[in-house]
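Here the structure comes first, spelled out in structure tokens, and everything after it is commentary.
Here, each number is a calculation from the coordinates, and none is a lab measurement. Predicted model, so just to flag it, every value in this text is computed and none were measured. Backbone-built Cβ (ideal geometry, glycine too); neighbour counts: all protein chains shown.
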Amino acid sequence: MSNLNLSADEWIATPKRTQELIRKYGIVLKKSLGQNFLVDQNILHKIVSAAHLDVQKGALEIGPGIGALTQHLAVQAGKVVAVEIDQRLIPILGETLAPYPNVSVVHGDVLEVDLPGLFAEHFGGMERVSVVANLPYYVTTPIIMGLLERKLPLEYIVVMIQKEVAERMAAKPGGKEYGSLSIAVQYYCEPELVTIVPRTVFIPQPNVDSAVIRLKVRTQPPVEVADEAFFFEVVQASFAQRRKTIYNNLSSRFFTKETKAELGPLLEQCGIEPSRRGETLSLEEYARLSGALLEYQGRTSIS
Ligand code: SAM
């Protein structure tokens with residue numbers, strides 16, 4: 001557990017002190033930036049301990065807000081870099097993070113920041129780096145997929161996100177939560193739901209339920225895929241219309257009226273019954289299927 005060991009006059013996120021600080025700086029929180037701040041020390045402890053940090057490790061925080069989580073990261077990690085989009089919060093972070101010299105605050109939009117450059121500049125001496133954040137919910141998927149697709153050398157991504165999105169990320173084949181997001185996340189990571197979080201731990205309270213998820217970033221994908229972009233194209237196409245069979249979704253995307261008779265045998269060659277729906281196929285089956293379709297396309301474009 002992180003232990004802040006704060007002296008009586010240092011700032012700590014409680015509901016009262018958070019309200020006071022926001023009032024002192026005259027800030028009106030923006031819903032459009034997902035500004036729901038954590039005011040519960042137990043939840044903050046839980047998030048940070050799920051990341052298994054130590055002084056040899058670095059933490060990248062996305063959206064430090066007024067620094068509630070950043071303080072906990074600073075006492076656990078060797079180096080913390082916190083990227084915050086809202087200029088109005090930078091002076092507050094200067095105040096709440098003053099006791100932590102191992103924290104650098106970067107003003108910017110995480111979707112536009114040069115993350116490989118930021119890693120090279122700040123995390124050079126660190127053994128491993130994890131992303132730890134209470135994410136702005138309106139950009140959860142672009143942030144997480146952006147981190148994974150850029151193949152940053154991350155150990156964990158431990159994030160507070162909307163509960164429903166966390167359940168989709170961790171879903172197994174066969175259920176209604178399982179879809180292209182589950183497959184994309186599980187291709188790059190091993191997901192684990194850490195805890196469900198009540199709305200009462202935030203100021204202001206969000207109007208959705210939340211959960212903390214830990215994604216252990218894989219060093220290698222669990223399946224072999226010849227062309228990643230094509231693999232994800234096949235996955236997207238398979239969920240184009242959830243209620244349709246895999247045969248119907250793939251035939252309208254990759255085949256013509258003349259060639260679609262070839263899809264049935266191709267699916268069967270992959271051990272996939274054409275009447276199945278996209279939501280029942282495993283990662284291994286998608287890898288097999290995209291390989292066979294790629295080979296088919298190669299063959300037919302040559303002939
Ligand atoms: N970490 C703080 C906490 O737990 O109390 C605040 C979390 S709040 C849910 C999300 C934070 O992300 C806000 O401070 C918001 O200004 C910031 N934010 C929103 N969009 C962002 C973006 N694209 N890049 C960086 N920060 C962003």
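Those residues that are part of a helix (DSSP H, G or I), in contact (Cβ under 8 Å) with a residue 40 or more places away in the chain and either of a type in the set (Lys, Arg) or out of contact with any strand residue (DSSP E or B) (no Cβ under 6 Å at 6 or more places or on another chain) (or both), I need them from region 147-181; list them, please.
Applying the first criterion (part of a helix (DSSP H, G or I)) to region 147-181 yields 147-149, 163-170, 180-181.
With the extra rule that they be in contact (Cβ under 8 Å) with a residue 40 or more places away in the chain, the set shrinks to 148, 163-164, 166-167, 169-170, 180-181.
Passing the criteria: Leu148, Lys163, Glu164, Glu167, Ser180, Leu181.
Could you say which residue among Lys176, Lys260, Lys216, Lys244 is within 26 Å of Gly34 (Cα to Cα), more than 16 Å from the ligand (Cβ to nearest atom) and charged (D, E, K, R)? If you could, list the steps in order and put the result at the bottom.
Working: Lys176 fails: within 26 Å of Gly34 (Cα to Cα); Lys260 fails: within 26 Å of Gly34 (Cα to Cα); Lys244 fails: within 26 Å of Gly34 (Cα to Cα).
The conditions single out Lys216.
On the basis of being in contact (Cβ under 8 Å) with a residue 24 or more places away in the chain, within 13 Å of the ligand (Cβ to nearest atom) and more than 18 Å from the chain's Cα centre (by Cα), does Thr96 make the cut? Can you show your working first?
On the way: in contact (Cβ under 8 Å) with a residue 24 or more places away in the chain: yes; within 13 Å of the ligand (Cβ to nearest atom): yes; more than 18 Å from the chain's Cα centre (by Cα): yes.
Yes; evaluated as a whole, the condition is true for this residue.
Looking at Ala82, Ala133, which one is touching a Ser or Thr at 6+ places or on another chain (Cβ under 7 Å) and assigned to a strand (DSSP E or B)? Reasoning before the result, please.
Values: Ala133 fails: touching a Ser or Thr at 6+ places or on another chain (Cβ under 7 Å).
Every option except Ala82 fails the conditions.
Being surrounded by fewer than 20 Cβ atoms within 10 Å (Cβ to Cβ), more than 9 Å from the ligand (Cβ to nearest atom), closer than 25 Å to Ile43 by Cα and touching a residue at least 40 places away in the same chain (Cβ under 8 Å) is the filter here, so list the residues in region 102-144 that pass it.
Val105, Arg128, Thr141, listed by residue number.
Just for region 13-58: of the residues that are of a type in the set (A, V, I, L, M, F, W, C) and away from the ligand (no atom under 12 Å from the Cβ), which one is nearest to Lys79 (Cα to Cα)? Before you say what the answer is, go through the steps one by one.
At the first step, the residues of region 13-58 found to be of a type in the set (A, V, I, L, M, F, W, C) are 13, 21-22, 27-29, 33, 37-39, 43-44, 47-48, 50-51, 53, 55.
Among the residues that remain, those that are also away from the ligand (no atom under 12 Å from the Cβ) are: 28, 50-51, 53, 55.
Values: Val28: 30, Ala50: 17, Ala51: 14, Leu53: 10, Val55: 8 Å.
Among those that are of a type in the set (A, V, I, L, M, F, W, C) and away from the ligand (no atom under 12 Å from the Cβ), it is Val55.
May I ask you to say which residue of Ile143, Ile157, Ile85, Ile90 is hydrophobic (A, V, I, L, M, F, W, C) and in contact with a Cys (Cβ under 9 Å, 6 or more places away or on another chain)? I'd like the intermediate steps shown before the answer.
On the way: Ile143 fails: in contact with a Cys (Cβ under 9 Å, 6 or more places away or on another chain); Ile85 fails: in contact with a Cys (Cβ under 9 Å, 6 or more places away or on another chain); Ile90 fails: in contact with a Cys (Cβ under 9 Å, 6 or more places away or on another chain).
Sole residue among the options that is hydrophobic (A, V, I, L, M, F, W, C) and in contact with a Cys (Cβ under 9 Å, 6 or more places away or on another chain): Ile157.
Just the residues that are near the ligand (Cβ under 10 Å from one of its atoms) and farther than 13 Å from Ile47 by Cβ, please, taken from region 66-75.
If the condition is that a residue be near the ligand (Cβ under 10 Å from one of its atoms) and farther than 13 Å from Ile47 by Cβ, then Ile66, Gly67 are the ones that fit.
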